[in-house]
1. Tell me which residues come under 5 Å, amide H to amide H, from Gln149 once H is placed; ignore anything under 5 positions away on its chain.
2. Of the beta bridges DSSP finds with both residues in the chain, what % are antiparallel, to the nearest 5?
3. Order by neighbour count: Trp195, Trp46, fewest other Cβ atoms within 10 Å first, most last.
4. Where does the charge balance sit around Gly103 when Lys and Arg score +1, Asp and Glu -1, over other residues with C-beta under 13 Å from its C-beta?
5. Charges only on Cβ, +1 for Lys and Arg, -1 for Asp and Glu: so what's the dipole of the chain about the Cα centre, in debye to the nearest 20?
6. Give me Lys187, Lys85 sorted ascending by neighbouring Cβ count inside 10 Å, so fewest comes first.
7. Answer rounded, prolate or oblate for the range 130-201, using the Cα gyration tensor with square roots of eigenvalues a ≥ b ≥ c: rounded when a/c is under 1.5, else prolate when a/b is larger than b/c, else oblate.
8. How high is the relative contact order of the chain, given as a whole-number percent (alpha carbon pairs under 8 Å, six or more residues apart)?
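Read-outs throughout are calculated quantities, based only on the coordinates presented, and are distinct from any laboratory measurement. What you see is a predicted model; the values in this text were computed from it and never measured. Reconstructed Cβ throughout: ideal geometry from the backbone, glycine too, with neighbour counts over all protein chains shown.
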Amino acid sequence: MIFLSVVRARPLVVNNAGYGLFGMVEETTEEQARAQLDTNLFGPLWVTQAALPYLRGQGSGHIVQVSSLGGLAAFPMLGLYNASKWALEGMSEAPAQEVAPFGIHVTLVEPGPYGTDWSGASAVHTEPLPAYEPVRAARRAGAFARTPQDARDTAAVVLELVDTDAPPLRLFLGTYPYPVVEAAYRKRLDTWNDWRHLASRA
């Protein structure tokens, strides 16, 4: 869903179009990969480009890009979905700096698991290769270890966000992403520091 609202104090654009592509990277066809990026990355890009002239003319506005926990940490079976959301993160962080002088805000909201149709009928699945069944089984077992939150709980939070005078570039929805992302970033920093001796020779 993508919508433009001028009811609130400033014009608001929400890019919420997206779906999940489930499968190993090796299993993913070119058509599946391109369709995933067309929806999850290029859809928000074209809407953002279309909205910006209007928002610049108004001298205000807020673009909310619906990213994901998967835009900050990668998971097995979601490689192309992760790629689309990681790209959305970078594509949105740059214009956030470009349009700030025009009074326009950009925020990436990054939900954890919610009880939506994302992994249901709207999902696309690759043709499975038997070699990856152990990975698939482990992923299924992990999925049952968490209880999705109610997506309706996000509405009041997003409305409060867009009414804020100085909204953040990024906002988690729910508390589930915190330990996951903290662990992922800690691992990255540790790896970079562990290999600093080699990096310094480059």
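1. The answer is Tyr114, Gly115.
2. 20
3. Working: Trp195 10, Trp46 13.
By the 10 Å Cβ count, ascending, the order reads Trp195, Trp46.
4. Summing Lys/Arg as +1 and Asp/Glu as -1 gives 0.
5. It comes to approximately 340 debye.
6. Lys187, Lys85
7. Here the range 130-201 falls in the oblate category.
8. RCO, the chain: 24 percent.
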